[in-house]
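*Asks:* Below is one structure. I have some questions about it.
The values are calculated or read from the model by the stated rules, or taken from the named source; none is laboratory data. Predicted model only: the values in this text are computed from it and were never measured. FYI the Cβ positions are ideal-geometry reconstructions off the backbone, even for glycines, and counts take in every protein chain you see.
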């Protein structure tokens, strides 16, 4: 839907309560974030959606560099034989591969797969780059597109192609690698809390839910407003599985040949889907100020001869705010103010400033918060101080609302009946599990719930599996998930 | 070659004079910029090479945004039928396409090509996004990977996959679009002059050399040290050719339906190849400070007990310089100073600071310029002022050396014999041409020279074609090219 179309057709969105999935799709349209591409499952990320991704990239990239990670770029096309070298890995990805069989007008001798992830091609290179412990740790990341064929695509959540970063590191010892994998998960978690106003549950995946080829998979799981979980980022301790397959070895401090201990970790454009479902409301997108491409929109209100002088005032305010480091836009289009409010609310801009002749006379503006709808009159002379404060309040409020919802919708249950009811009601369910893949599979089959993780902050507790009654040492997090 | 390998094997590089192509390849190895990937023609961009690309991206991205361009992202995979819709375009790209025929374990109904460029898929979307003149100009860019199958790959210059940006705009009038295409070429040119220390020749391509589907192609052509031309960036005025094919139309100010007037423009990782061949020398890479990932390297010199105190001094200097905004690294590895000089010269770091016990006693350092090898003693207390000045001198010197070489190796010839000799000697040759594709083709066949462009700054001049003797109104630039 174009901005014009929205203006002409201010019909209400489907509500979250009525149909969460339909609501999600409509948010993407009214906020003008993305649309489906021509080939099945593909996605066009429109400028406003891409600006969100650029912010995510910029902030995370800085954080990666702070811990010593460097960027590089590896080829899109991977010889099929590379994937076949690690058994679990190829089994995990085979059903999702897109394969190039012709190029330059000829059939290829060996088909090339479009990377679904880059462990194999990167570690083949690492095997040539690493010789001694002096070359370690090797800390490399790439920002790239990957392709995984999806049968049930959804914008930002599952698309045949998506954008992500994948970090791939090599270390001298298992412990160092495992600690590093946890460290990167912590980087992701902090980013979600501080920028996306989402406190995810962090923990370890079960063997069943592990990345194909990993020894341990760590995850951050965010709660969406419908109560379902979204896996927002993962970090894997790979041990030396891939190192053995690709020959990533080095002379250690004892002058012995040894395999590298590895990690990989990634987040993707999926985060934008999570961001939408964590905060947005029935009026449209809601963006935490710390990640919003546009923090303030100014709507000049005035007819005929008033118009010009109000616009002049708006320009002055805008220039001051931009100089102070805020991103600001004045909506100069024709149209009723109400239409404009509607439009910018749909796009989730954290603060709207309304300026009319009366405000001008009072040297004030009306500031409207996107999160609560609350209106405040602010003195124009104090905006450079007042707005950052207001934006910070919005950021905090969104995090608080998220946290309250997470607490409210996380339950601890001890019986199978309670468990089923809680899962039916889309709760995050902390329950005992007997540790077997069989029970995990049966629970999934019967309730659609998966074990999202073994949360780090869950203390050991003797109990009985909610399904089998067998002994359990700690509760795990069950939920339905995207 | 790893850093270790270089240290163990300080053999001289092949010289530019001896074998320019071999020298080029060796520079990429010793500077640790990139290497060939496993599939034919693919390239792995290593961290130091990628850091160059990140700088190019960051600077250009800001300049694009300054002129109002927004980023977006379009799918990698394009339905084959899209390319077939524009005849010239598909003929231009058909021989270079990589084709996905299988995905998700099945043969695809319609093959998908990996984008060689994105006109078709973007303009299909534009046809849905643009309705009225109020939606124009539409100014969108994407940073992306593209695939064009190459039979004779060379790192950075021709690889089956490369990284680039492609800007695609739509305008109300032919004039506005043409002006915009020229404006973006000017952005590129300024970037080359100010950051890469390369003054390219800017002009228009002949019909033969035009982008497949363009009405006009503008180009910037840089002179490499062997005298050959490198097309460093192009900007196309597409008129309404693609708009007609993809239905990019809008209601104009007279309420009439009209096709959009379009442009597209791009630069790629090829710029790194150009950068290498424009400035580097027989000792290794030479980087203009304005684009260098690392501007200063500090080599602490001292044995045994001196070592620690020198390192401490180096750390202090480094911290001050980093705080002042410079990128600085201390080489703390073991090894002789001479080995380190060799290594960092090969990597093209603009300034090396040597600090030994004697320097410390004098509260000075020895600064060595990478471009001239000149050594200067600088007071430690004045480095924060002296180094930016020195870096600026290096930047200017590289541009001056480039400009002098360009002037020296550009000749104006009026006879066929002179022409052939000049081309054999790899000159930029300004000569009269009769304006026909036939003559252009014959000259290319006989001499390997192509018309690089009709330079903007070449005044009209009545003359006779250097080959056919037919009338000509202006000289054009002939050269051999990469």
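*Asks:* Kindly indicate whether any position in the range A:468-480 is within 20 Å of the chain's Cα centre (by Cα), in a loop (DSSP other than H, G, I, E, B) and farther than 30 Å from residue A:351 by Cα.
*Replies:* Among the residues of the range A:468-480, at least one is within 20 Å of the chain's Cα centre (by Cα), in a loop (DSSP other than H, G, I, E, B) and farther than 30 Å from residue A:351 by Cα, which makes the answer yes.
*Asks:* Output the residues belonging to the range B:106-139 that are free of Cβ contacts under 8 Å to residues at least 24 places away in the same chain and over 21 Å from residue A:109 (Cβ atoms).
*Replies:* B:106, B:109, B:128, B:129, B:134
*Asks:* Do any helices (runs of 4 or more DSSP H) lying entirely in the range B:241-324 carry at least 2 residues that are outside the structural domain of residue B:355 (by TED's automatic domain parsing), within 21 Å of the chain's Cα centre (by Cα) and closer than 27 Å to residue B:183 by Cβ, and which ones are they?
*Replies:* Because the criterion is at least 2 residues that are outside the structural domain of residue B:355 (by TED's automatic domain parsing), within 21 Å of the chain's Cα centre (by Cα) and closer than 27 Å to residue B:183 by Cβ, the helices (runs of 4 or more DSSP H) in the range B:241-324 that meet it are B:270-279.
*Asks:* Same structure, new question: Which one of the conditions (1) without any contact (Cβ under 8 Å) to a residue 60 or more places away in the chain; (2) assigned to a helix (DSSP H, G or I); (3) at the interface with chain B (Cβ under 10 Å from one of its Cβ atoms); (4) buried (at least 18 other Cβ atoms within 10 Å of the Cβ) does residue A:99 fail to meet, given that it meets all the rest?
*Replies:* Evaluating residue A:99 over (1) without any contact (Cβ under 8 Å) to a residue 60 or more places away in the chain; (2) assigned to a helix (DSSP H, G or I); (3) at the interface with chain B (Cβ under 10 Å from one of its Cβ atoms); (4) buried (at least 18 other Cβ atoms within 10 Å of the Cβ) leaves (2) as the failure.
*Asks:* Which residue pairs have Cβ atoms closer than 6 Å, lie 6 or more positions apart in sequence or on different chains, and pair a first residue in the range A:350-364 that is on the phi > 0 side of the Ramachandran plot with a second residue that is surrounded by fewer than 20 Cβ atoms within 10 Å (Cβ to Cβ)?
*Replies:* A:363/A:380
*Asks:* Of the residues B:150, B:166, B:176, which single one is touching a residue at least 60 places away in the same chain (Cβ under 8 Å) and part of a strand (DSSP E or B)?
*Replies:* So the residue among B:150, B:166, B:176 that is touching a residue at least 60 places away in the same chain (Cβ under 8 Å) and part of a strand (DSSP E or B) is B:166.
*Asks:* Among the residues of the range B:86-94, is there at least one that is in a loop (DSSP other than H, G, I, E, B), at pLDDT below 95, surrounded by fewer than 18 Cβ atoms within 10 Å (Cβ to Cβ) and more than 7 Å from chain A (Cβ to nearest Cβ)?
*Replies:* First, the residues of the range B:86-94 that are in a loop (DSSP other than H, G, I, E, B): B:86.
Applying the additional criterion that residues be at pLDDT below 95 yields B:86.
Still in the running and surrounded by fewer than 18 Cβ atoms within 10 Å (Cβ to Cβ): none.
Among the residues of the range B:86-94, not one is in a loop (DSSP other than H, G, I, E, B), at pLDDT below 95, surrounded by fewer than 18 Cβ atoms within 10 Å (Cβ to Cβ) and more than 7 Å from chain A (Cβ to nearest Cβ), which makes the answer no.
*Asks:* Which of the residues spanning the range B:50-63 are touching a residue at least 40 places away in the same chain (Cβ under 8 Å) and either at the interface with another protein chain (Cβ under 8 Å from one of its Cβ atoms) or over 16 Å from the mean Cα position of the chain (by Cα) (or both)?
*Replies:* Within the range B:50-63, B:51, B:53, B:54 qualify.
*Asks:* Residues being within 23 Å of the chain's Cα centre (by Cα) and closer than 29 Å to residue A:186 by Cβ: count how many of those fall in the range A:431-467.
*Replies:* 9
*Asks:* Could you say which residue among B:406, B:387 is part of a helix (DSSP H, G or I), in contact with a strand residue (DSSP E or B) (Cβ under 8 Å, 6 or more places away or on another chain) and closer than 18 Å to residue B:321 by Cα?
*Replies:* B:387
*Asks:* All but one of (1) outside any helix (DSSP H, G or I); (2) on the phi < 0 side of the Ramachandran plot; (3) in contact with a helix residue (DSSP H, G or I) (Cβ under 8 Å, 6 or more places away or on another chain) hold for residue A:63; which doesn't?
*Replies:* For residue A:63, the exception is condition (1).
*Asks:* Follow-up. I'd like to know if the range A:186-195 contains one or more residues that are outside any helix (DSSP H, G or I) and under 29 Å from residue A:29 (Cα atoms).
*Replies:* So far as the range A:186-195 goes, yes, one or more of its residues are outside any helix (DSSP H, G or I) and under 29 Å from residue A:29 (Cα atoms).
*Asks:* Let me ask something additional. Within the range A:363-371, identify whether any single residue is surrounded by fewer than 16 Cβ atoms within 10 Å (Cβ to Cβ) and not assigned by TED's automatic domain parsing to the domain that holds residue A:443, and answer yes or no.
*Replies:* The answer is yes; a qualifying residue exists.
*Asks:* Return the residues of the range A:374-383 that are surrounded by 16 or more Cβ atoms within 10 Å (Cβ to Cβ) and either part of a helix (DSSP H, G or I) or modelled with pLDDT under 95 (or both); say none if nothing qualifies.
*Replies:* Within the range A:374-383, A:380, A:383 meet the criteria.
*Asks:* Of all residues in the range A:107-121, which are more than 9 Å from chain B (Cβ to nearest Cβ), under 32 Å from the mean Cα position of the chain (by Cα) and under 30 Å from residue B:95 (Cα atoms)?
*Replies:* Scanning the range A:107-121 gives A:113, A:115, A:116, A:117, A:118, A:120.
*Asks:* Kindly indicate whether any position in the range A:325-332 is part of a helix (DSSP H, G or I) and within 31 Å of the chain's Cα centre (by Cα).
*Replies:* Taking every residue of the range A:325-332 in turn, none turns out to be part of a helix (DSSP H, G or I) and within 31 Å of the chain's Cα centre (by Cα).
*Asks:* If you go through the range B:69-81, how many residues are more than 7 Å from every other protein chain (Cβ to nearest Cβ) and in contact with a helix residue (DSSP H, G or I) (Cβ under 6 Å, 6 or more places away or on another chain)?
*Replies:* If we filter the range B:69-81 for residues that are more than 7 Å from every other protein chain (Cβ to nearest Cβ), which is where we start, we get B:69, B:78, B:80-81.
Of the ones still in play, those that are also in contact with a helix residue (DSSP H, G or I) (Cβ under 6 Å, 6 or more places away or on another chain) are B:78.
Qualifying residue count, the range B:69-81: 1.
*Asks:* Something else: Does residue B:211 meet the test of being surrounded by 19 or more Cβ atoms within 10 Å (Cβ to Cβ), modelled with pLDDT under 95 and either in a strand (DSSP E or B) or assigned by TED's automatic domain parsing to the domain that holds residue B:270 (or both)? Walk me through it before giving the result.
*Replies:* Numbers: surrounded by 19 or more Cβ atoms within 10 Å (Cβ to Cβ): yes; modelled with pLDDT under 95: yes; either in a strand (DSSP E or B) or assigned by TED's automatic domain parsing to the domain that holds residue B:270 (or both): yes.
Against the criterion (surrounded by 19 or more Cβ atoms within 10 Å (Cβ to Cβ), modelled with pLDDT under 95 and either in a strand (DSSP E or B) or assigned by TED's automatic domain parsing to the domain that holds residue B:270 (or both)), residue B:211 qualifies.
*Asks:* So which residues in the range A:133-172 are under 25 Å from residue A:240 (Cβ atoms), away from chain B (no Cβ under 14 Å) and out of contact with any strand residue (DSSP E or B) (no Cβ under 6 Å at 6 or more places or on another chain), if there are any at all?
*Replies:* A:172
Per-residue answers, yes or no, for (1) touching a helix residue (DSSP H, G or I) at 6+ places or on another chain (Cβ under 8 Å); (2) at pLDDT below 95; (3) under 30 Å from residue A:34 (Cβ atoms):
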{"residue": "A:350", "(1), (2), (3)": "yes, no, yes"}
{"residue": "A:353", "(1), (2), (3)": "yes, no, yes"}
{"residue": "A:360", "(1), (2), (3)": "yes, yes, no"}
{"residue": "A:366", "(1), (2), (3)": "yes, no, no"}
{"residue": "A:372", "(1), (2), (3)": "yes, no, yes"}
{"residue": "A:385", "(1), (2), (3)": "no, no, no"}
{"residue": "A:395", "(1), (2), (3)": "no, no, yes"}
{"residue": "A:400", "(1), (2), (3)": "no, no, yes"}
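*Asks:* Now for a different question. In the range A:317-326, what residues are loosely packed, with under 15 Cβ neighbours inside 10 Å and either in contact with a strand residue (DSSP E or B) (Cβ under 7 Å, 6 or more places away or on another chain) or within 15 Å of residue A:356 (Cβ to Cβ) (or both)?
*Replies:* A:322
*Asks:* Residues of the range B:122-131 being more than 7 Å from chain A (Cβ to nearest Cβ) and either assigned to a strand (DSSP E or B) or crowded, with 20+ Cβ neighbours inside 10 Å (or both), which ones?
*Replies:* Listed by number, the residues that qualify are B:122, B:123, B:126, B:130.
*Asks:* Of the numbered conditions (1) within 29 Å of residue A:347 (Cα to Cα); (2) exposed (fewer than 15 other Cβ atoms within 10 Å of the Cβ); (3) not assigned by TED's automatic domain parsing to the domain that holds residue A:327, residue A:405 satisfies every one except a single condition; which is it?
*Replies:* (2)
*Asks:* Looking at the range B:33-49, which of its residues are more than 18 Å from the chain's Cα centre (by Cα), crowded, with 18+ Cβ neighbours inside 10 Å and more than 8 Å from chain A (Cβ to nearest Cβ)?
*Replies:* Residues satisfying the conditions are B:40, B:41.
*Asks:* Could you tell me whether residue A:104 is buried (at least 18 other Cβ atoms within 10 Å of the Cβ), touching a helix residue (DSSP H, G or I) at 6+ places or on another chain (Cβ under 8 Å) and either under 16 Å from residue B:161 (Cβ atoms) or more than 9 Å from chain B (Cβ to nearest Cβ) (or both)?
*Replies:* yes
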